[in-house]
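K.L.:
Let me give you the structure first, and then I'll get to my questions.
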Amino acid sequence: MKCEQIQELLLTDYLDGQLDGEGLKSIEQHLSDCPGCREFLAVARKITVEPFYSSKKVFLSQEDVWHRIKQQIEKEHSQPSLSHRLAEMILGLKELVPKPAWALSIMVAGVILTAVYFNSWNRQEMVQTASSEDNGQYIAYFTDDVGSGQPEDNGGYGTAIEEYFL
């Protein structure tokens, strides 16, 4: 056998003690000849088996284990989550509606969402444009430039500081 096959067996059946007969003999033979696989086995034991040496052992009968599993399953089925119910509704709807109609409804929803998005975008742009026009009129009012578009001929804007900046 190749090293990859041996390493797979080491991780699965060998460390669990599930090998016997010819499979065990072939792995033992390979381990005696291959230092890379011996090192792999040492690392695998250190990582996967040794942490459980110090753990507290709990002994449960098979009946207790299956009873706990059954209780957990019943608990999960008795209280379906909202996302689970929503997914079931969508899948049920998908089964009722033929594929072309389903695809068409998705496309229509996309078009509607796109139209709503761009409509709100245009509204924002219009508000910004209107506010910039209002700002221009507001500034023109304070610079006495309301009617003609030109400053009045009263000798300037007012004070020397205003003339300097404007």
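Nothing in this text is a laboratory measurement; each read-out follows from the coordinates by a stated rule. Remember, predicted model here, so these are calculated numbers, not experimental data.
K.L.:
What does the C-alpha gyration tensor say about the overall shape of segment 3-56? Classify as rounded when a/c is under 1.5, otherwise prolate if a/b is larger than b/c, or oblate.
P.N.:
Because a/c hits 1.5 or more and a/b fails to exceed b/c, segment 3-56 counts as oblate.
K.L.:
May I ask you to list the lysines whose Cα is less than 20 Å away from that of K2, ignoring any residue fewer than eight positions away on the same chain?
P.N.:
Hits, sequence-local ones excluded: K25.
K.L.:
So, one more: So which lysines can K56 reach, going by Cα to Cα under 28 Å and dropping same-chain residues fewer than 8 places off?
P.N.:
Excluding near neighbours in sequence, the set is K46, K70, K75.
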